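Read-outs throughout are calculated quantities, based only on the coordinates presented, and are distinct from any laboratory measurement. Every value quoted in this text rests on a predicted model; they were computed, and no experiment measured them. A quick note on method: Cβ atoms are made from the backbone with ideal geometry, for glycine too, and the neighbour counts reach across all protein chains shown.
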Amino acid sequence: MIYKYLPLFFLFLPYLVKSQTLVFAELTGSPSVNTTGWNVTGATYSGDTGGDADAFSDEIILTDAIGSSSGGIFYNQSIDLSTCYQWKVEFDFRMWEGNAADGIAFCFLDVPPSGFVSGGGVGIPAASNGVFVILDTYDNGCGANPEIQIYQGAGYDECGPGMINRAQGMNFLRSSSYQTCLIEYNSGTLTISVNGTPYLSGNYNANLVGYMGFTASTGGLNDKHSIKNVRIYADIAEANAGPDVTICSGETAQLGDLVNPNFTYNWTGDSNLSSSGISNPTVTLTNTTSNPVNYTYTLQTTLTNSPTSCPDNDVVTVTVNPILSSTTNASVCQGGNYSFAGQSYTTAGTFPVTLQSVYGCDSIATLNLSINPVPNTVLTESICQGSTFSFNGQNIGNAGQYTQVLQTQSGCDSTVILNLTVNPVLSATLNETICAGESFTFFGQNLITSGSYSETLQTVSGCDSVVNLVLNVTPLPAAPTIDSNSPVLCPGDLAILGANSVANAQYFWSGPANFLSSDATITFPVQIENMGVYSVYVTVDGCESSISTSPVSILNIYDFENFDFPNVITPNGDGVNDSLDINGYYKTCQEYKLMIYNRWGQVVYEQTIGTPSFSGKEKNDADLVDGIYFYTLSYGEHRKTGFIHILR
């Protein structure tokens, strides 16, 4: 019975065209299957069976091996068989783990399924209408199951009139391992192959728009039904007419999407398209009415290199909103204003205003405005403070603008305006401070004593102006006294100079080497360049004292460069030349080291700054014999050498 339908398959084989290459939908993925775009219903879920070598959830389990169960999974995008003449479906299937019920169905339905049936219906919804390929493993009394069936009609009945063709005795369909099924559609003919071998073909005449998917069910018996590696191929050039567009009259709308070089495009609909054969034409539209107008354009897309590919249609609507206009004629009196479209206008002219209409487009409102003249008289007067000005029977003493309004024949006001200025009788008080010995010039007077003074002047406006002066003469602060520790002993020692404290005083020190300071007491290390006279004065309330001075010097400023070393000492206790006292001979603060050697080069004495001077004795305090001794004097990186004679 397997071979009964092979001649029919080979009959249709010459009419098949090249294989489909574009993936329309798929159920693949690892470690988890990707079900994006698919609707999963009933008992169906993503999981794992024992039918492959991995433990990944990369399989769609349509039903578990339990009784009275059903489920399905369908792709949510439709295909129109009246225009799509070729497609194919390839998938792996497995029916095992139970006792052979009920089977798996590939479905092409006119509407997405809303419910499933169990038992002999292979899960196919009872209210569905379409074409089905069934891998049937349970015998319902109408054939030698397992079978491969092609069925068309409303619902599914294994014994019903919709059975187009069946291949019987397919015992290999139920297996613990996955097998591969290929369903090929060509212009109304279906061909089914399993594991690369064609088993069944059949014709049907359904030119419907439908949805592809899979169902399965169990009844009194059970099996686990699962599929994986699902790919649906259809050469469909997806049409994308773009979103609906709303523009204003006279504007240009962009339709469509980016170009795909593999697609051929054909636009139909209302006129004014820039091109009907590109992916993204533009259209410029006008609307002379006062209401929005809709224009509809349809895009059909096909594959350029596949004449038998499935075309796709998409529709876009362009709404063109009107641009409205109005004119208003008005007049105002000179100096008045006219409010129009939220703005105030005070000059004659034509004023177009662009507003936003309820449709979001420009609305042009035009104002034609004329100005009626208003004769105005302006009086400018001034008085001195305390006087009054007579204006139309009023005696006015305050500065300001005063108006009398009359009526013209055109109904506009005729205005007499008085701008009155009240010139003040000025009075100003000056507070000035000078230091004793200074003078302040006040209107030709040189003032040197504290007191109050005044002067009356005439302003340019003819009003009095009184200037008062309060003069304060501040006594000079006394010169500061200076406390000093100068002279210092050595270069680098700190000099401390302190001026006596004066309340609220500021101190100003100056000295050699550009020395400046504002401290009451100054402290600094003294070098030769810092020696000299330091001066200080103080200021109190801006008045300066006289200057006080103090010298700064160093006692010991010599070094060994200019030191002539003595060559004889007479340590006999007579108090004359008893020792070699370097500090006594030569005032210096320079660090040094003196070494005394006998004629055999032995060190007999060593002296540094602060240690006892050499008095003709050894380091152990024993007297040295008279004679000639040698010395080295080290200071810094320098050294002097010579001899010294001891005579008693």
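Between the listed residues Tyr402, Asn205, Thr632, the Cα displaced farthest toward the positive end of the dipole of the chain, a dipole computed from Cβ unit charges relative to the Cα centre, is found at Asn205. Largest first, the extents of the alpha carbon coordinates of region 216-268 on the three principal axes equal 70, 27, 18 Å.
Isolated cysteines in the chain, defined as those with no second cysteine Cβ under 4.7 Å, comprise Cys107, Cys181. Panel values: region 500-648, Kirkwood radius from alpha carbon pairs, Stokes-Einstein at 20 °C and 1.002 mPa s, translational diffusion coefficient 112 µm²/s. When only the Cβ of Lys, Arg, Asp and Glu is charged (+1, +1, -1, -1), the dipole of the chain relative to its Cα centre reaches about 980 debye.
Find out how many positive minus negative residues lie around Ala65, taking Lys and Arg as positive, Asp and Glu as negative, among other residues whose Cβ is under 10 Å from that of Ala65. Net local charge, Ala65 excluded: -2.
Using only alpha carbons, region 516-558 has a radius of gyration to Kirkwood radius ratio (Rg to Rh) of 1.08.
Note on region 245-321: the alpha carbon radius of gyration divided by the globular reference 2.2 N^0.38 Å gives 1.21. Positive contributions from Lys and Arg (+1) and negative ones from Asp and Glu (-1), summed over other residues with Cβ under 12 Å from the Cβ of Gly542, come out at -4.
Near the amide H of Ala479, within less than 5 Å, lie the amide hydrogens of Ser546, all on another chain or at least 5 residues away, with H placed in the peptide plane. Along region 274-281 the Karplus relation, 6.51 cos²θ - 1.76 cosθ + 1.60 evaluated at θ = phi - 60°, assigns HN-Hα couplings of 5, 6, 9, x, 10, 6, 9, x Hz to successive residues, with x for each Gly and Pro. What's the longest bit of the chain with no exposed GluC sites (Glu not before Pro), using DSSP loop states and at most 11 other Cβ atoms within 10 Å as the test? Result for the longest clean stretch: 1-590. All C-alpha to C-alpha distances of region 376-423, sorted into 10 Å bins beginning at zero, yield P(r) values of 27, 47, 20, 7, 0 percent in whole numbers. The lysine pair tally for the chain, using Cα distances under 24 Å and a gap of 8 or more places or different chains, is 10. For region 324-372, pairs of C-alpha atoms spaced more than 17 angstrom apart make up 34 percent of the total.
Each of Ser279, Thr380, Ile434 was placed along the dipole of the chain (beta-carbon charges, centred on the mean Cα), and the one lying farthest toward the positive end is Ser279. Lys and Arg at +1, Asp and Glu at -1: add these up for the other residues within a Cβ distance under 10 Å of Gly29 and post the number. Local net charge: -1. So what does log10 I(q)/I(0) come out to for region 482-552 at q = 0.19 Å⁻¹, using the Debye formula with one equal point on every Cα and no solvent? The Cα Debye sum returns log10 ratios of -0.70. Taking the square roots of 5 times each eigenvalue of the Cα gyration tensor of region 170-277, largest first, gives ellipsoid semi-axes of 46, 17, 14 Å. Given +1 on the Cβ of Lys and Arg, -1 on the Cβ of Asp and Glu, and no further charges, what dipole in debye does region 224-290 carry about its Cα centre, rounded to the nearest 20? Its charge dipole is roughly 520 debye.
Looking at the calculated P(r) for region 395-510, what percent of the C-alpha pair distances fall above 21 Å? More than 21 Å apart: 70 percent of the Cα pairs in region 395-510. Rounded to the nearest 20, the size of the Cβ-charge dipole of region 54-113 about its Cα centre is 200 debye, with Lys and Arg at +1 and Asp and Glu at -1.
Hey, if you drop one equal point scatterer on each alpha-carbon of the chain and run the Debye formula without solvent, what base-10 log of I(q)/I(0) do you get at q = 0.05, 0.10, 0.12 Å⁻¹? Per q value, in the given order, log10 I(q)/I(0) is -0.70, -1.09, -1.16. Helices in the chain, meaning DSSP H runs of at least 4 residues, each add -39500 (n - 2.57). Divided by all residues, the mean residue ellipticity at 222 nm is -500 deg cm²/dmol.
Measuring gaps between exposed loop sites in the chain (chymotrypsin sites (Phe, Trp or Tyr not before Pro); DSSP loop; at most 10 other Cβ atoms within 10 Å), the longest gap, sites not included, is 1-442. Three principal axis extents describe the C-alpha atoms of region 426-474; from largest down they are 39, 17, 11 Å.
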